[in-house]
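Trainee: Below is the structure I would like to discuss, written out as structure tokens.
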Amino acid sequence: MTMPRGLEVYLTQLWELAHSEWKLRQQSSFGGFLWTLLEPLLMYSVFYWLFTQWMRGTVQNYASLLIIGVVLYGFFQGATTYGMTALLRRRGILMNFIMRREILVFSSVLSVAMSFLLEFAIVLAFVAVIGRPLLTTWLFLPFIIGLEFVLVLGLSLHLSVLATRYSDFERIWRILTTAGFFLTPVFYSLDVMSESRRRWIRLNPVAQIIELTRDCVVRGLAPDWNRAGILLLLCCALVMTGYMLFKRYERRFSDYVSA
């Protein structure tokens, strides 16, 4: 069974743009690629040393919990920011080539996701090396990571419209995501909070994704399928509303980016 010609062209354009952006972000060199692997490994080694020597016994498996939170929130922050600015960064393509314009946003998110998957593989290897066994619950990880990817895609579609319309919105988003770092259980666990505070924190979809991942990787727990199902519906709704908003303003993008 052959792929429809239109879909084949769409996927080819998506991959070529994502791959070229990824290579540019890695400085198109072996050294850049090597640093992509070494940087998180060095950072996680520092985290592990600090929190096993200085906070020994304070929180069980704290180093692993922290590393997972850092890498997942880092992907959310980096991918939404990069996807949000896709139309502005690639205004030349936007104004001079005929193509589906959402591909520019999707390819930007995909390029960040490619680096994230390498980094997350290093996280899993690191967690295994420091003493956590390989658990069958790791099999749920593709679903959970897929949730975050869909969440980022949906938000990026919304944000790209706002970023092209309002020139200062990128700065506002950076401030919001920096504040969000402290309102998301990155360097702490929901286990240490009261139930009333947990309910508020769980309104944050990124917090839920981080906790679901920690459950699977560190605690050996299967996902709470009720929460995961609601989260999936939310992520899909964000993609649908983001796509509709994007298409509504699509014809104005050239005017916005050239202003």
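Trainee: Conditions: (1) outside any helix (DSSP H, G or I); (2) in contact with a Pro (Cβ under 9 Å, 6 or more places away or on another chain); (3) of a type in the set (A, V, I, L, M, F, W, C). LEU134 meets all but one. Number of the miss?
Mentor: Failed condition: (2).
Trainee: Now for a different question. Identify the residue in the stretch 91-125 that is within 26 Å of GLN208 (Cβ to Cβ) and of a type in the set (Gly, Ala, Ser) and, among all such residues, is farthest from the chain's Cα centre (by Cα).
Mentor: By that ranking, first place goes to ALA125.
Trainee: Moving to a separate point now. Return the residue satisfying two criteria in turn: it lies in the stretch 186-208 and is β-branched (Val, Ile, Thr) and in contact (Cβ under 8 Å) with a residue 24 or more places away in the chain, and of such residues it is surrounded by the most Cβ atoms within 10 Å (Cβ to Cβ).
Mentor: VAL206
Trainee: Whether any residue in the stretch 238-259 is surrounded by 14 or more Cβ atoms within 10 Å (Cβ to Cβ) and either in a loop (DSSP other than H, G, I, E, B) or polar (S, T, N, Q) (or both) is what I want to check.
Mentor: There is at least one residue in the stretch 238-259 that is surrounded by 14 or more Cβ atoms within 10 Å (Cβ to Cβ) and either in a loop (DSSP other than H, G, I, E, B) or polar (S, T, N, Q) (or both).
Trainee: Within the stretch 126-138, how many residues turn out to be closer than 13 Å to ASP215 by Cβ and hydrophobic (A, V, I, L, M, F, W, C)?
Mentor: Counting residues in the stretch 126-138 that are closer than 13 Å to ASP215 by Cβ and hydrophobic (A, V, I, L, M, F, W, C) gives 2.
Trainee: So which residues in the stretch 186-209 are aliphatic (A, V, I, L, M) and within 21 Å of VAL70 (Cβ to Cβ), if there are any at all?
Mentor: Matches in the stretch 186-209: VAL186, LEU190, VAL192, MET193, ILE201, VAL206, ALA207, ILE209.
Trainee: Right, something else. Determine whether the stretch 67-80 contains at least one residue that is aliphatic (A, V, I, L, M), in contact with a Leu (Cβ under 8 Å, 6 or more places away or on another chain) and part of a helix (DSSP H, G or I).
Mentor: The answer is no, given that none of the residues of the stretch 67-80 is aliphatic (A, V, I, L, M), in contact with a Leu (Cβ under 8 Å, 6 or more places away or on another chain) and part of a helix (DSSP H, G or I).
Trainee: Could you tell me how many of the residues in the stretch 81-105 are within 12 Å of VAL257 (Cα to Cα) and assigned to a helix (DSSP H, G or I)?
Mentor: 9
Trainee: While we're on this one: Answer yes or no: is there a residue in the stretch 168-187 that is more than 21 Å from the chain's Cα centre (by Cα) and part of a helix (DSSP H, G or I).
Mentor: Scanning the stretch 168-187 turns up no residue that is more than 21 Å from the chain's Cα centre (by Cα) and part of a helix (DSSP H, G or I).
Trainee: Any residue at all in the stretch 146-157 that is without any contact (Cβ under 8 Å) to a residue 40 or more places away in the chain, surrounded by fewer than 17 Cβ atoms within 10 Å (Cβ to Cβ) and not acidic (Asp, Glu)?
Mentor: Yes; the residues of the stretch 146-157 include at least one that is without any contact (Cβ under 8 Å) to a residue 40 or more places away in the chain, surrounded by fewer than 17 Cβ atoms within 10 Å (Cβ to Cβ) and not acidic (Asp, Glu).
Trainee: Check off (1) in contact with a helix residue (DSSP H, G or I) (Cβ under 7 Å, 6 or more places away or on another chain); (2) hydrophobic (A, V, I, L, M, F, W, C); (3) in contact (Cβ under 8 Å) with a residue 60 or more places away in the chain; (4) in a helix (DSSP H, G or I) for PHE143 and give me the number that stays unchecked.
Mentor: Failing condition for PHE143: (1).
We did not get these values from a lab; they are worked out from the coordinates using the rules stated. Just so it is clear, the model here is predicted, and its values are computed rather than measured. Quick reminder, even Gly has a Cβ in these numbers, built from the backbone with ideal geometry, and neighbours come from all protein chains shown.
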